[in-house]
Amino acid sequence: MVIDFFEFVNPKLSTLNKTEKKIFDYVVKNQDGVKSMSIRKLSKECYVSTTTLFRFVKKLGFSGYNEFISTLRIGGNSNSDRAVIPDVVTKKNYNEEYLKNIIESVRVIKEDDAERFCKMLNSNNKIFIFGADLTKQVVKYVHCLLSLMEYDTVIVHDKYELDSTIKDVGANDIVLIFSFSGESSGMIKIVERIKVKNSNIVSVTRADNNIIQGLSDINFYVFSDNIVNNNNDISSRISMIAVIETLIYRAFAEKEGVTY
């Protein structure tokens, strides 16, 4: 009897910690490559120890790494339409968990970071906003919101504009980076190119240690249940919007001399 990899692991996904969820996310998005990887190779790709990886496969219900890979080879299908959905999404009380993610994302905003960010927004410097994949829609909304409040805001509408937009970024300008994973190679390259300009890099990423978070002057992190469909990350970005809205409205109120 062939064991379906995703049906087998789905009931255990809710038990994974942040690091283990990151490993699983990598496996889902790189199934074909992972099928031929040794435990040392996969641990290196995920920036974890082999011990952590071994605990990960045990938590998913496998006796060891060999069984994990064998089941992935036989029962995994990178071309399938199977969705990876956390257990909480299928429960009737998902609306409560959904709201908890938003509330917690806003609640953990550090006051010092919020104050610094608001001063940046009201410094009259340009605001450059970058995002990829699903977060592009967040970028469009934030750009529209800031423009309506008469902030000088720039976004990239097409790929061919990227180089010229990065060149336009100046010292002390504000660069808003939206990257849910914080590990997007394209977004990392953008941040690295801008880093040398002495600009103010502010990022919004999910709540775990990631590269973009480490490269940022200020990072606001959010909570959201990881949801994947056909290898596409469709996790909710509403917490990203909630956090940035909260900060923008506060900055605007301070700019207009209104008590927030």
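Structure values in brief
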item: Principal semi-axes in Å for the stretch 5-84 [√(5λ), Cα gyration tensor, largest first]; result: 17, 14, 12
item: Computed lengthening from Lys18 to Ala253, 0.36 nm per intervening residue step minus Cα-Cα distance; result: 81.0 nm
item: Point-to-point label distance, Leu148-Leu162, nm (Cα→Cβ direction, 7 Å offset); result: 3.0 nm
item: Nearest 10 degrees, 0 to 90: helix 135-148 Cα axis against the chain principal axis; result: 10 degrees
item: Between helix 65-75 and the chain: long-axis angle, C-alpha atoms, 0 to 90°, nearest 10; result: 90 degrees
item: Extension gain from Asp112 to Glu7, taking 0.36 nm per residue of separation minus the Cα-Cα distance; result: 33.3 nm
item: With Cα atoms, 0 to 90° folded angle of helix 238-255 axis to the chain main axis; result: 10 degrees
item: Other-chain or far-sequence residues with amide H under 5 Å of Phe128's (modelled H); result: Val154, Ile174, Val175, Leu176
item: Among beta bridges that DSSP assigns inside the chain, antiparallel share in %, nearest 5; result: 20 percent
item: Cα-centre dipole for the chain with unit charges at Cβ (Lys and Arg positive, Asp and Glu negative), debye to 20; result: 820 debye
item: HN-Hα J in Hz across the stretch 37-49 - Karplus 6.51, -1.76, 1.60, θ = phi - 60°, x for Gly and Pro; result: 8, 7, 5, 5, 5, 5, 5, 5, 5, 9, 6, 10, 7
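Bear in mind these aren't lab numbers, they're just calculated from the coordinates by the rules spelled out. Since we're looking at a predicted model, the values are computed, not measured. All Cβ positions, glycine included, derive from the backbone under ideal geometry; neighbour counts span all protein chains shown.
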